[in-house]
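As structure tokens, the structure follows; a few thoughts come after it.
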Amino acid sequence: AQGLLGAVVNISTSQRVKGTEGPGAVPMPQLPEGSPFQDFFDDFFKNRPGEQGNPSQKVQSLGSGFVVDAEQGIVVTNNHVIADADDIEVNFSDGVTLKATLVGT
């Protein structure tokens, strides 16, 4: 098992996603008149700092994979790890990090 450790990699991805304003935004729940939760939901949905000037945000995620061809630099992972990613990096057990390019799904 120790001999295979070098083949296992960590994959980190990032993507830009649209903010919570505009079409597709999560709507504020309809509350009954005088609800004690009104102030909470107003603060959460209407007064979020940074949302007005920045309609998109960077989302990062992690996954794992394994090297199948070290000479060509081919790594296999599950599609959900890299789906819709703008940037992909492969992190090796020796601390080396390399930028990756998607070649197939």
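Here are the numbers:
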{"item": "Pairs with Cβ under 7 Å, 6+ apart, first in segment 14-38 and more than 19 Å from Ser56 (Cβ to Cβ), second part of a loop (DSSP other than H, G, I, E, B) and at pLDDT 80 or above", "result": "Leu31/Phe37"}
{"item": "Qualifying residues in segment 58-83 (those that are among the charged types (D, E, K, R) and modelled with pLDDT of 90 or more) - the one nearest to the chain's Cα centre (by Cα)", "result": "Asp69"}
{"item": "Subset of segment 60-85 (residues that are under 12 Å from Ser12 (Cβ atoms), of a type outside the set (Ser, Thr, Tyr) and out of contact with any His (no Cβ under 8 Å at 6 or more places or on another chain))", "result": "Gln60, Leu62, Gly65, Val81, Ile82, Ala85"}
{"item": "One residue from Asp42, Asp86 being modelled with pLDDT of 90 or more, surrounded by fewer than 13 Cβ atoms within 10 Å (Cβ to Cβ) and among the acidic types (Asp, Glu)", "result": "Asp86"}
{"item": "Scope segment 84-94; condition of a type in the set (A, V, I, L, M, F, W, C) and within 16 Å of the chain's Cα centre (by Cα); matching residues", "result": "Ala85, Ile88, Val90"}
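Condition check ((1) of a type in the set (A, V, I, L, M, F, W, C); (2) within 26 Å of Val17 (Cβ to Cβ); (3) surrounded by 12 or more Cβ atoms within 10 Å (Cβ to Cβ)) across all residues:
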{"site": "Gln60", "(1), (2), (3)": "no, yes, no"}
{"site": "Gly63", "(1), (2), (3)": "no, yes, yes"}
{"site": "Val67", "(1), (2), (3)": "yes, no, yes"}
{"site": "His80", "(1), (2), (3)": "no, yes, no"}
{"site": "Gly95", "(1), (2), (3)": "no, no, no"}
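The values are calculated or read from the model by the stated rules, or taken from the named source; none is laboratory data. All values reported here derive from a predicted model rather than from experimental measurement. Cβ sites come from the backbone with ideal geometry, for glycine too, and all protein chains shown count toward neighbours.
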